[in-house]
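Each remark here refers to the structure printed beneath this line.
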Amino acid sequence: MNTRMILLQGLHLQASIGMLAHERSARQPLTVDAWFEVRADTPVDDRDLATVLDYRLLRSTLIDEITQDHTDLLETLVQRCLQRILAGFPEVLHARIRICKPDAFEDCDAVCIEQMGHQAGTGQRRAPGPAVPDGTGRRPPS
């Protein structure tokens, strides 16, 4: 099976997120990176958008999910985004979504939560996206 990767990189949004009092009173900046692995077995017609997955739909779904309601935990928001993408886009075989809070700490570029998932029946393979930062492919010990 041939697959194609769609990457939405550096989507910048304002969202109502956080448990702390100051987080509940004002929207915060978030940055989203998302990888979507889709089938690429059928020919692409350069003049027919219906022959590919329109990535504008993926983007608008993420924006809607992230900005619609207040969410306390970043982990919850990432999980909801992943579930909505997999439920709404059966052509997405595997997905990986990372959402970052760039203003969480003064001494960090960002705090990010990332989660991966796949359609039922596609098997668990390594999810799309870059290798683990240390380059070994292994998660660092907890």
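Mind listing whichever residues of region 3-22 are surrounded by fewer than 12 Cβ atoms within 10 Å (Cβ to Cβ), in contact (Cβ under 8 Å) with a residue 24 or more places away in the chain and either in contact with a Pro (Cβ under 7 Å, 6 or more places away or on another chain) or part of a loop (DSSP other than H, G, I, E, B) (or both)?
Scanning region 3-22 gives a single hit, 19.
Which members of region 67-105 meet the condition of being within 12 Å of the chain's Cα centre (by Cα) and small (Gly, Ala, Ser)?
95, the sole residue that qualifies.
Considering every residue within region 77-87, establish whether at least one is assigned to a loop (DSSP other than H, G, I, E, B), touching a residue at least 40 places away in the same chain (Cβ under 8 Å) and touching a helix residue (DSSP H, G or I) at 6+ places or on another chain (Cβ under 8 Å).
Just the residues of region 77-87 that are assigned to a loop (DSSP other than H, G, I, E, B), to begin with: none.
Looking through region 77-87, none of the residues is assigned to a loop (DSSP other than H, G, I, E, B), touching a residue at least 40 places away in the same chain (Cβ under 8 Å) and touching a helix residue (DSSP H, G or I) at 6+ places or on another chain (Cβ under 8 Å).
Name the single residue that is surrounded by the fewest Cβ atoms within 10 Å (Cβ to Cβ) among those in region 54-75 being of a type in the set (S, T, N, Q) and within 18 Å of residue 90 (Cβ to Cβ).
60
State all residues of region 23-49 that are outside any loop (DSSP other than H, G, I, E, B) and farther than 16 Å from residue 88 by Cα; if no residue qualifies, say none.
Initially, region 23-49 is screened for residues outside any loop (DSSP other than H, G, I, E, B), giving 23-25, 28-39, 49.
Correct list: 23, 24, 25, 28, 29, 30, 31, 32, 33, 49.
Every number here is computed from the coordinates shown, using simple stated rules; none is lab data. Since the model is a prediction, treat every value here as computed from it, not as a measurement. When we count neighbours, we look across all protein chains shown, and the Cβ atoms used for this are built from the backbone with ideal geometry, even at glycine.
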